[in-house]
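Asks: Here it is, the structure, as structure tokens.
Rule-based calculations on the coordinates, nothing more; no lab input. As the structure is a prediction and not an experimental result, all values here were calculated from the model. Cβ sites come from the backbone with ideal geometry, for glycine too, and all protein chains shown count toward neighbours.
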Amino acid sequence: MASGGRAGTAIWDWPVRLVHWSFVLLVPALWASAEFGNINAHRILGLVMLGLVVFRLLWGLIGSETARFSQFVKGPDAVMAYLRGARGGPNTPAVGHNPLGALSVLALLGLLATQVSIGLFTQDVDGLESGPLAYLVSYDTADAARGWHELGFNLLLALIAIHLAAIAYYQFAKRENLVRPMITGRRVFDQSVRAPMMAPIWRFALCASIAAGLAWWIGQSAPLP
Ligand code: HEM
């Protein structure tokens with residue numbers, strides 16, 4: 001058992017934090033580049049987003065303990081138990097995502113992954129500008145993908161609004177600051193907790209290489225050798 005003292009316990013590794021705050025910058029940048037018609041910038045930022053999402057999914061398999069899906073994705077029973085505990089007073093603080101927050105993490109990552117994937121097959125109104133894989137689908141499908149891409153963005157905005165509302169609820173109703181740990185990586189717990197395992201750097205290098213390689217290859221229109 002370790003509480004980490006006043007410095008707190010390291011719960012979020014730097015790749016999770018870097019990816020998170022990159023999402024925060026990229027979503028508005030992607031919106032602005034599309035809105036102001038800079039499709040080149042939109043394509044490049046979209047590929048960066050693709051690389052980050054792929055990285056985060058891989059990191060969810062072999063990354064640090066609190067980043068792993070197997071660690072924070074729990075069944076409906078755990079979510080219900082968490083909700084019952086929350087009604088009865090403060091829950092035992094989760095070292096990482098709590099079972100309810102995990103659902104929002106899955107929804108956000110799933111929608112980001114869907115949204116970048118659709119973008120790869122999307123073409124603009126007159127068919128002059130398109131995602132790097134639009135040539136693999138019919139004109140009509142690439143045209144329809146544009147509508148799905150717009151719908152996906154609106155759904156993403158809704159999820160982000162829920163995400164921010166949840167964080168504000170924890171801050172003001174439960175007096176739990178979740179934002180500081182997402183910045184510093186550390187959280188102070190009232191009770192003793194076991195410090196989560198942090199993944200070694202070679203795993204980061206492996207996940208980052210696969211993610212960057214995939215984004216680069218798709219950016220080249222995924223040519224086969
Ligand atoms: C574009 C907007 C945003 C997206 C797409 C987004 C997405 C995500 C994702 C995917 C996670 C899970 C982190 C992981 O396990 O890798 C997360 C967690 C988190 N995000 Fe965001 N986020 C956004 C904006 C924000 C903003 C503006 C804040 C701060 C005000 C914020 C604060 C947090 C915090 C505190 C957590 C950790 C929650 C916990 O303790 O379980 N997010 N976010």
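Asks: Multiplying the sequence separation of S192 and A41 by 0.36 nm and subtracting their Cα-Cα distance, what value in nm do you get?
Replies: 49.6 nm
Asks: In what sequence do E65, E129, E35 fall when counting other Cβ within 10 Å, fewest first? Write down the numbers at each step before the final one.
Replies: Values: E65 18, E129 15, E35 10.
Going from least to most buried by this count: E35, E129, E65.
Asks: Between A158 and Q171, what is the spin-label point distance in nm, taking each point 7 Å from the Cα along the Cα→C-beta axis?
Replies: According to this spin-label approximation, the distance is 2.4 nm.
Asks: Taking other Cβ within 10 Å of each residue's Cβ, how do D143, D126, D190, D13 sort, fewest first? Show your work: numbers first, answer last.
Replies: On the way: D143 16, D126 6, D190 9, D13 20.
In order of increasing Cβ crowding within 10 Å: D126, D190, D143, D13.
Asks: Tell me, what is the percent relative contact order of region 32-107, built from C-alpha pairs under 8 Å that lie six or more residues apart? Display every interim value, and only then the final one.
Replies: Details: 39 pairs, mean separation 16.9, N = 76.
Reported as a whole number, the value is 22 percent.
Asks: Also: What are the principal axis extents of the Cα atoms in region 65-190, in Å, biggest first?
Replies: 58, 27, 25
Asks: Summing +1 for each Lys or Arg and -1 for each Asp or Glu, what net charge is found among the other residues whose Cβ lies under 12 Å from the Cβ of P99?
Replies: Result for the neighbourhood of P99: +1.
Asks: How do F72, F153 line up, fewest other C-beta atoms within 10 Å first? Please report the intermediate quantities before stating the final value.
Replies: Working: F72 22, F153 18.
Ranking F72, F153 by Cβ neighbours within 10 Å, fewest first, gives F153, F72.
Asks: Given the C-alpha centroids of region 1-74 and region 89-139, what is the distance between them in whole angstrom?
Replies: When both Cα centres are located, 12 Å separates them.
Asks: Moving on. Convex hull over the Cα atoms of region 19-133, averaged projected area in nm²? Intermediate results must be reported in sequence, preceding the final value.
Replies: Details: hull surface 35.4 nm².
Average of the hull's projected areas for region 19-133 equals 8.8 nm².
Asks: Now, a different point. Where does region 135-184 land on Rg(C-alpha)/(2.2 N^0.38 Å)?
Replies: Details: Rg = 18.1 Å, N = 50, 2.2 N^0.38 = 9.7 Å.
Relative to the 2.2 N^0.38 Å estimate, region 135-184 comes out at 1.86.
Asks: I've got another one for you. Can you work out D for region 147-225 in µm² s⁻¹ from Stokes-Einstein, where Rh is the Kirkwood radius over C-alpha pairs, the temperature is 4 °C and the viscosity is 1.567 mPa s? Present the calculation step by step, with values, prior to reporting the outcome.
Replies: Details: Rh = 17.0 Å.
After rounding, the answer is 76 µm²/s.
Asks: How large is Rg/Rh for the chain, to two decimals, with Cα atoms and a Kirkwood Rh? Please list the in-between numbers first.
Replies: On the way: Rg = 19.5 Å, Rh = 19.2 Å.
Rounded to two decimals, Rg/Rh equals 1.02.
Asks: Please list, ordered by chain and number, the residues whose modelled amide H lies under 5 Å from the amide H of A195; skip anything fewer than 5 residues away on the same chain.
Replies: Close amide H contacts, sequence-distant or interchain: A2.
Asks: Can you tell me the dipole magnitude for the chain around its Cα centre, using point charges on the Cβ only (Lys, Arg +1; Asp, Glu -1), in Debye to the nearest 20? Show your work: numbers first, answer last.
Replies: Values: 16 positive and 12 negative charges, 264 e Å.
Rounded to the nearest 20 debye, it is 1260 debye.
Asks: Related question: What residue among I160, I201, I11 has the largest mean-square fluctuation in a Gaussian network model of the chain, using Cα springs under 10 Å?
Replies: Largest GNM mean-square fluctuation: I201.
Asks: Subtract the Cα-Cα distance of D143 and I183 from 0.36 nm times their separation in residues, and report this length gain in nm to one decimal.
Replies: Working: separation 40, 0.36 × 40 = 14.40 nm, distance 3.98 nm.
Separation in residues times 0.36 nm, less the Cα-Cα distance, equals 10.4 nm.
Asks: Using the Karplus curve 6.51 cos²θ - 1.76 cosθ + 1.60 with θ = phi - 60°, work out ³J(HN,Hα) for each residue of region 179-191 in order, rounded to whole Hz, and write x for Gly and Pro.
Replies: Result, rounded to whole Hz: 6, 4, x, 5, 8, 8, x, 10, 9, 8, 10, 6, 10.
Asks: With θ taken as phi - 60° and the coefficients 6.51, -1.76 and 1.60, list the Karplus ³J(HN,Hα) couplings across region 147-163 in order, rounded to whole Hz; mark glycine and proline as x.
Replies: x, 5, 5, 5, 4, x, 5, 5, 5, 4, 4, 5, 5, 5, 4, 5, 4
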